[in-house]
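The values are calculated or read from the model by the stated rules, or taken from the named source; none is laboratory data. No experiment lies behind these values; they were computed from the predicted model shown. Positions of Cβ are backbone-derived with ideal geometry, glycine not excepted, and every protein chain shown enters the neighbour counts. We work out accessible area using only protein heavy atoms, side chains counted, and drop any ligands, DNA or RNA first. Shrake-Rupley method; radii C 1.70, N 1.55, O 1.52, S 1.80 Å.
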Amino acid sequence: MKQTKVAGSTKFNARTTVKLSTLSILTVLITSCSQVPYKPNVQNQLPSGSSSPTHSQINSHRNNVVQSTYRTLGSPYRYGGTTYNGFDCSGLTRHVYQSAGIAIPRTAAQQRDQSKTIANYSALLPGDLIFFKTGKKTNHVGIFVGNGQFIHASTSRKRVIKAKLDTPYWRRSFVKFGTYIR
């Protein structure tokens with residue numbers, strides 16, 4: 001693993017996978033966000049008449065999405081479900097985003113179409129969405145939680161679970177990374 005010391009911090013090359021706890025990831029997000037210019041996609045994030053969110057609002061939204069996502073683990077799967085009594089995949093993502101104060105569409109296809117596209121995995125942050133085509137169309141969505149993992153409402157396991165993104169099935173089914181938080 002190639003490491004470079006830069007002013008008291010360690011910088012890793014792009015191929016390096018570093019396992020961090022959720023708290024560590026959120027700490028990195030909160031401290032690094034202020035260094036990255038923010039260009040909001042206001043159409044996808046704010047109700048009309050609202051001003052652009054501040055960095056602290058973005059961090060708050062992202063933190064709320066991740067925390068709410070973890071709270072859904074173990075909830076039962078239910079087609080059309082949008083509550084802890086049962087979630088389908090897009091019902092889960094909509095519920096989690098609404099708990100953070102962000103309105104998103106209901107279906108996986110609508111969420112895919114209206115989310116801001118994230119160009120590649122290295123730009124993906126916890127709380128962002130991952131879209132999949134598991135049938136004839138984009139019909140599945142999960143929430144990235146870091147460390148190459150996402151949480152989704154699994155039809156095969158009949159509950160909300162955490163899964164690894166880097167498996168042959170999910171790599172083959174991948175369609176898009178998207179967000180409503182940036």
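Please verify whether residue 144 is touching a strand residue (DSSP E or B) at 6+ places or on another chain (Cβ under 6 Å), surrounded by 22 or more Cβ atoms within 10 Å (Cβ to Cβ), more than 22 Å from residue 64 (Cα to Cα) and of a type outside the set (Val, Ile, Thr), treating the condition exactly as stated. If you could, list the steps in order and put the result at the bottom.
On the way: touching a strand residue (DSSP E or B) at 6+ places or on another chain (Cβ under 6 Å): yes; surrounded by 22 or more Cβ atoms within 10 Å (Cβ to Cβ): yes; more than 22 Å from residue 64 (Cα to Cα): no; of a type outside the set (Val, Ile, Thr): yes.
No.
When each of 134, 107, 69 is tested for being closer than 20 Å to residue 164 by Cα and either surrounded by fewer than 19 Cβ atoms within 10 Å (Cβ to Cβ) or without any contact (Cβ under 8 Å) to a residue 40 or more places away in the chain (or both), the lone residue that passes is 134. Filtered by the rule that a residue be open to solvent by 50 Å² or more (accessible area, probe 1.4 Å) and within 20 Å of residue 171 (Cβ to Cβ), segment 110-131 gives 112, 117, 119, 120, 121, 122, 125.
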